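Okay, structure first, notes after.
The values are calculated or read from the model by the stated rules, or taken from the named source; none is laboratory data. This structure is a prediction, so every number in the text was calculated from the model and none was measured. All accessible areas refer to the heavy atoms of the entire protein, side chains included, with ligands and DNA or RNA removed. Shrake-Rupley method; radii C 1.70, N 1.55, O 1.52, S 1.80 Å.
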Amino acid sequence: MSLDFKLFEKINQFAGQSNLLDQLVLLFSTYGPIMFGLVFVWLWFSKSGNKYENRQIVLLAITITVIVLGANKIIEMIYFRPRPFVTHAVHLLSDKSDLDPSFPSNHSAGSFALAFALFWKRRKIGTVLLVFAVCMALSRIFVGVHYPLDVLAGAVIAFLVTYIVMSKSRYLEPLYNKIIHIFSKK
């Protein structure tokens, strides 16, 4: 038995013990990505801070997330790992296809991509999103659709892409300036 599966069991064992907890975790696991997106919608339209900088952060976060999810898709095409419920008896709370790959976790990768992007520029609110990204990763294990290594891989991919994009962001600034200018006219 692998360490990955042992950790999975330690977290997933709590599923099915409390209907209220199950429903809350399932709700967050399913709809949490919308909450992450709403933070960036708020940031785009926010009147606090520098409006231009806020919009640059949003565009960087979108860029990072698109690259992260694209990298995940490439990995999924190269390597297929069955979800935990396909190969083990688990407490499954989510309705997922057994044809969808488990590795890497898109929910985890997307959440961490947005959280790292914001953390890079705004530590306080970024820290809050990082905590939520960890909760997202744990929720995916709790509901029985990912192993710990799946969510960890998503976080690592998000970190690496964030680092690369942020270190090269000066090359994106002319494009972002045009986009911000277009939306500022409206």
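Where the centre of each part is set by its Cα atoms, how far does the stretch 147-183 sit from the stretch 121-142, in angstrom? Between the Cα centre of the stretch 147-183 and that of the stretch 121-142, the gap is 16 Å. With Cα atoms defining each centre, the stretch 2-41 and the stretch 42-101 are spaced 15 Å apart in the structure.
Lys-Lys pairs in the chain that are eight or more residues apart or on separate chains and whose Cα atoms lie under 28 Å of each other come to 26. Within the stretch 108-158, the ratio Rg/Rh, alpha carbon atoms throughout and Rh by Kirkwood, equals 1.00.
Think of a 1.4 Å ball rolled over the protein heavy atoms: the stretch 45-186 then has 53 Å² of accessible area per residue. Kirkwood analysis of the stretch 41-186, using all unique Cα-Cα pairs, places the hydrodynamic radius at 16.2 Å. Taking 0.36 nm per residue of separation and subtracting the current Cα-Cα distance, fully stretching the chain between Tyr79 and Leu99 would add 5.9 nm. The GNM of the chain, with springs linking C-alpha atoms under 10 angstrom apart, assigns the highest mean-square fluctuation among Phe14, Phe40, Phe112 to Phe14. Of all accessible surface on the chain at a 1.4 Å probe, what whole percent is carbon and sulfur? Solvent-exposed carbon and sulfur of the chain make up 69 percent of the total. Using the Karplus relation 6.51 cos²θ - 1.76 cosθ + 1.60 with θ = phi - 60°, the per-residue 3J(HN,Hα) values for the stretch 168-178 come to 10, 4, 4, 6, 8, 3, x, 5, 4, 4, 5 Hz, with x marking Gly and Pro. Among the protein heavy atoms, those of Asp95 account for about 150 Å² of accessible surface (1.4 Å probe, every chain in place). Over the stretch 117-186, the Kirkwood radius and the radius of gyration, each from Cα atoms, give a ratio Rg/Rh of 1.12.
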